[in-house]
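Below: one structure, written as structure tokens.
The values are calculated or read from the model by the stated rules, or taken from the named source; none is laboratory data. This is a predicted model, so every value here is computed, not measured. Don't worry about glycine lacking a Cβ; one is built from the backbone with ideal geometry, like all the others, and counts go over all protein chains shown. Protein only, heavy atoms only, side chains kept; ligands, DNA and RNA dropped before computing areas. Shrake-Rupley method; radii C 1.70, N 1.55, O 1.52, S 1.80 Å.
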Amino acid sequence: MEQREIDEQLKNLKFDMDAEIDDRNERLGHRHYAPRHVHQPMETSHAIVLAALIIVGGLWGGKLLYDYIQEQRIKAALSQAAQDSRRAQAELNQRIAAEAKAREQRRLEEQTQRQAELARLGQEKRFQSAQCQFWWQQHNQNPTERTALKKREACRI
């Protein structure tokens, strides 16, 4: 057979694919389902609405998640700032207390020094008085119990 004859036969051959598949399924025992049980494709308008809902829901959910994360970061930062502030306030209070204690101690030391100086000046004044000088000299020249008593009274020793 020539090539030309084969080509002509193939051109004239009609092949119904659906009929062939149905015949094959019947031979193998497969049931044929009616087209009403087959899932119909979604309409374009429904697909657009569904896609819009998915996009809006995803964006909204993403925004909520982003806001929640930012809120947690802000809470953590505020908590850290409050803790740092409390720590700084405690350190400041300790410094203020230490300074106040040091001032009080200096004040007490100065007061003690002033009192000691006043006592020393008072004692010097008493020692310089004529009455103390007299009884001191009397006791040195003639030490008796009476001159010792008078010296102590006059000089307040």
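Only one entry in Q123, Q89 is within 30 Å of C155 (Cα to Cα) and surrounded by 10 or more Cβ atoms within 10 Å (Cβ to Cβ), namely Q123. C132 fulfils the conditions (1) modelled with pLDDT of 95 or more; (2) open to solvent by less than 80 Å² (accessible area, probe 1.4 Å) except for a single criterion, (1).
So, K75, is that one of a type in the set (K, R), farther than 30 Å from R146 by Cβ and part of a helix (DSSP H, G or I) or not? Against the criterion (of a type in the set (K, R), farther than 30 Å from R146 by Cβ and part of a helix (DSSP H, G or I)), K75 qualifies.
Only one entry in Q83, Q115, Q111 is in a helix (DSSP H, G or I) and open to solvent by 90 Å² or more (accessible area, probe 1.4 Å), namely Q115. Residues in region 135-149 that are exposed (fewer than 11 other Cβ atoms within 10 Å of the Cβ) and part of a helix (DSSP H, G or I): N140, Q141, E145.
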